[in-house]
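**Q** Below is a structure I'd like to ask you about.
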Amino acid sequence: MIKNTPEWEVRLTNPCYCYAQDIVLACVGLKSLTPIDRSKISISGNECKVFEGVADRSEIVFKYVWAEKFDIKILSGSIACS
């Protein structure tokens, strides 16, 4: 907890052997009392774009601090296998 407010963790996990890229999340109203790591996501309106893809069998994590959990879902993305 930060300032008596819960810290939430968003974890995008890629369990596959392919690269996930061009990922866009629905993040309606996403706010945080502390800065969100803008090197990982860009927030524009109700969407968040993940800057980097998610390599095979790895993950990207970012955190936010807010009283309530936001409903964050994957809107779109693509898979690149070679």
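The values are calculated or read from the model by the stated rules, or taken from the named source; none is laboratory data. The structure displayed is predicted, hence computed values, not measured ones. Glycine also receives a Cβ, built like all others from the backbone with ideal geometry; neighbour counts cover every protein chain displayed.
**Q** Tell me, which residue of the range 11-36 that is more than 10 Å from the chain's Cα centre (by Cα) and among the charged types (D, E, K, R) is farthest from G77 (Cα to Cα)?
**A** K31
**Q** Select, from V54, V65, the only residue that is modelled with pLDDT of 90 or more and not hydroxyl-bearing (S, T, Y).
**A** Criteria check complete, one pass: V65.
**Q** Another question, if that's okay. For the range 35-55, give me each residue that is of a type in the set (S, T, N, Q) and either out of contact with any Leu (no Cβ under 9 Å at 6 or more places or on another chain) or closer than 23 Å to I2 by Cα (or both).
**A** S39, S42, S44
**Q** Quickly run through the range 49-73 and pick out the residues that are closer than 16 Å to W8 by Cα, within 13 Å of the chain's Cα centre (by Cα) and of a type outside the set (D, E, K, R).
**A** Result: I60, V61, F62, Y64, F70, I72.
**Q** Mind checking whether some residue in the range 50-66 is hydrophobic (A, V, I, L, M, F, W, C), touching a Cys at 6+ places or on another chain (Cβ under 8 Å) and under 20 Å from I79 (Cα atoms)?
**A** No: zero hits.
**Q** Pairs, please: C-beta under 8 Å, at least 6 apart or cross-chain, first residue basic (K, R) and in the range 54-82, second in a strand (DSSP E or B)?
**A** Listed pairs, sorted by first residue: R57/N14; K63/E7; K63/W8; K63/E9; K63/V10; K69/W8; K73/L25; K73/A26.
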